[in-house]
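First comes the structure, then the notes that go with it.
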Amino acid sequence: MEVFLERLVEIFDTDTLESISGPTSLTGGLILGLIFGVVLQKGRICKYDVVSGLFRLQDFTIFRLGTPLLMVSVVLIYFFADLGTIDLHIPKTVILPQIVGGLLFGAAIAILGYCPGTAAGAVGEGSLDGIPGILGMIAGAVLYAELFYEDWSKSFQTIGDIGRVTFPDILGINHWFIIVLFLLMMAMFLVMMTMMDWFIIFLRKFFNYFMDFTEGLEKNVPSGLNQPASKTDPKEEERIAKEQIDYHPEVVQKETEIIQKSDNDTKKINIAPIQTDEQIIEAPQPEKTSQQSANNNTSQALPHTDPDKSQEKEKP
Amino acid sequence: MSGKSKKGLFFIIIFFIAAIGFITSLYLKSWWPILTALSLLFIITPRWWTILILGTGFAFYLHSGWPLIASVALFFIGKPKRWWPIPTGIAFALVEFYSFYLSDRPLGITRGYTVTGAIIEYLIAPDYVDEMAYWQIYEPIIDWTIALITGVVIGSFVSSRFSGDFRLNTVPDTWKMSMGPSTAKRWAWAFIAGIMMGFAARIAGGCVSGLLISGVIQLAPSGFIFMIALWIGGVVTTLLFYRSNVITIKRE
């Protein structure tokens, strides 16, 4: 046991550490890590729900976050590399191991729901299931180093090795051409991602599509599992309602405005259960009691409210 | 207990902690007791004034204005529980650039875990580690990436605590909906997936931040190959692993 302690002290000794001060060592790492942690947490990408939602094709937060990230940083990195402020550190390209590794990594992310960086962030955020993930990552790295590195370093790890190259090197043209092309592609992708949401909202609003669709899907989920835990616990429900107000302040405001407008006569204000921005349109709107309110809301009048108006006209 | 007496008790506790920290640091003539007390204060009551006090304390301790500036910045922009994805992406890009500028290397996380594995092996058998070829690349030394991981944990904790997003849980909600609420099952799967992830990262030579992002932003083919392979592997595994429970509409 004492030998262990001696070795532990040896590791934390200042001679064997990387230099403590200085930007390229521990202090710089800690500062960068603090900023990085705050950004990861605020972007909500340390959450299993968001990362898993990406692979379930239901939550595209990561795409919307990742595209501007790549667009802005590619411009920044190459601009300042041209000025000579920073150096490029190009990763090695080995085609086959990277395809196999990528497939395996994707499988692991789908199950674990965190990538190595966000697992650390998730532990900081209170999701304790990042801890076995981190321990597993350490175990996996040791496994590779002990059992496979010596056999594979000469054979498998060299298939398709093209060294530390970039696309501009391979194609032999100025990198800014490729950057412009990349930016155009990414911008199109971003617009497409945003449009997809708008398109679904549009369909819901004007044609009532997808509402039955999603309900039908919910019914297919085994009973008892599709109900969030919040439904049984009133405190939890309250907390979630509070969170929604924090996440979507504009939405809540808009919704309450609409309700107040249409309820001016009856003075009954029902605050409907708040839902995601896609589901605003579904939110139960109180029936319009007078024609005035209907006229006020012409901009928001939906096609399926037309019969109500005609009935009101016929009644007198 | 009524609200008033609760509040009174609360302030007494705060005052008690601060007083203990102050007295101990006066007695020992060093800074760390009061800093620990201030950090504890922040953890108990994450409010705007505690974060400003904490920033000021660290600014005096380190003889530098940056902690104060950081705390003021967090005070202004840290209150909402989420930032919209596009501004967050731009902030992320600035962090990535700052890493190149300040530390002269791309942000990479997995190296830290590998080095941790090397350190654990070194604690058990130091002679064996010296012979291993792989541990010559990843030396068992506490390095930049381990500091980075520590920073991520602390930063995420401070941010979530300040905005009130911090919630201790062992099983995520979506997992509960599709795989059941068992903690043991979730942790076992997390461990298996972690082994796969560490192994895959060593084969490919990096993780999402170290290979994918830093590869794509330098227009290296490796990043693009890894991105597409990761996406395909993730979607296929999701369909196979969760089967009919893939679609769980989370009412948020």
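Observations on the model:
- Take B:Trp231: with every protein chain present and a 1.4 Å probe, its accessible area is about 80 Å².
- Rounded to 0.05, the FRET efficiency of the A:Asp169 and A:Leu96 pair, given R0 = 25 Å and the Cβ-Cβ distance, is 0.75.
- Taking every DSSP helix (H) stretch of at least 4 residues in chain B, weighting each as -39,500 (n - 2.57) and dividing the sum by the residue count yields a mean residue ellipticity at 222 nm of -24000 deg cm²/dmol.
- Candidates B:Gly194, B:Ser39, B:Thr116 compared by Cα position along the dipole of chain B: farthest toward the positive end lies B:Ser39, with charges placed on Cβ.
- Taking all Cα pairs closer than 8 Å and separated by 6 or more residues, the relative contact order of region B:3-77 comes to 20 percent.
- On Cα atoms only, tilt of B:221-242 relative to the major axis of chain B in degrees: 90
- B:Phe10/B:Trp49 FRET efficiency (R0 22 Å; Cβ-Cβ; nearest 0.05): 0.95
- Whether chain B is rounded, prolate or oblate, judged on the alpha carbon gyration tensor where a/c under 1.5 counts as rounded: prolate
- Ranking B:Asp130, B:Asp143, B:Asp173 by solvent-accessible area of protein heavy atoms (1.4 Å probe, all protein chains present), from largest to smallest, gives B:Asp130, B:Asp173, B:Asp143.
- With Cα atoms, 0 to 90° folded angle of helix B:48-62 axis to chain B main axis: 80
- Summed residue charge, Cβ within 13 Å of A:Ile77's Cβ, Lys/Arg positive, Asp/Glu negative: -3
- Accessible area (Å², 1.4 Å probe, nearest 10) - A:Glu150: 130
- Amide H contacts of A:Asp59 (H built 1.01 Å from N, under 5 Å, at least 5 apart or other chain): A:Leu54
- Above-threshold pairs, the threshold being 30 Å between Cα atoms, out of B:Lys29/B:Lys81; A:Lys47/B:Lys79; B:Lys7/B:Lys79; B:Lys7/B:Lys81: B:Lys29/B:Lys81
- Note, ³J(HN,Hα) from phi for region A:89-106, Karplus 6.51, -1.76, 1.60, rounded to Hz, x at Gly and Pro: 10, 7, x, 6, 9, 10, 5, 5, x, 6, 5, 4, x, x, 4, 5, 5, x
- Residues whose amide H lies under 5 Å from that of A:Thr166, counting only those 5 or more places away or on a different chain, are absent; hydrogens are built 1.01 Å from N in the peptide plane.
- Tensor-based shape of region B:86-167 (alpha-carbon gyration tensor, a/c under 1.5 rounded, otherwise prolate or oblate): oblate
- Choice from B:Ile124, B:Ile77, B:Ile141 with maximal GNM fluctuation in chain B (Cα, 10 Å cutoff): B:Ile124
- Sites A:Ile162 and A:Asp197, calculated FRET efficiency, Cβ-Cβ separation with R0 45 Å, nearest 0.05: 0.70
- Heavy-atom accessible area for B:Lys7, with the other protein chains in place and a 1.4 Å probe, reaches approximately 130 Å².
- Chain B: angle of helix B:144-163 to the longest principal axis, Cα-based, in degrees nearest 10: 60
The values are calculated or read from the model by the stated rules, or taken from the named source; none is laboratory data. Since the model is a prediction, treat every value here as computed from it, not as a measurement. Positions of Cβ are generated from backbone atoms using ideal geometry, with glycine treated the same way; all protein chains shown enter the neighbour counts. All accessible areas refer to the heavy atoms of the entire protein, side chains included, with ligands and DNA or RNA removed. Shrake-Rupley method; radii C 1.70, N 1.55, O 1.52, S 1.80 Å.
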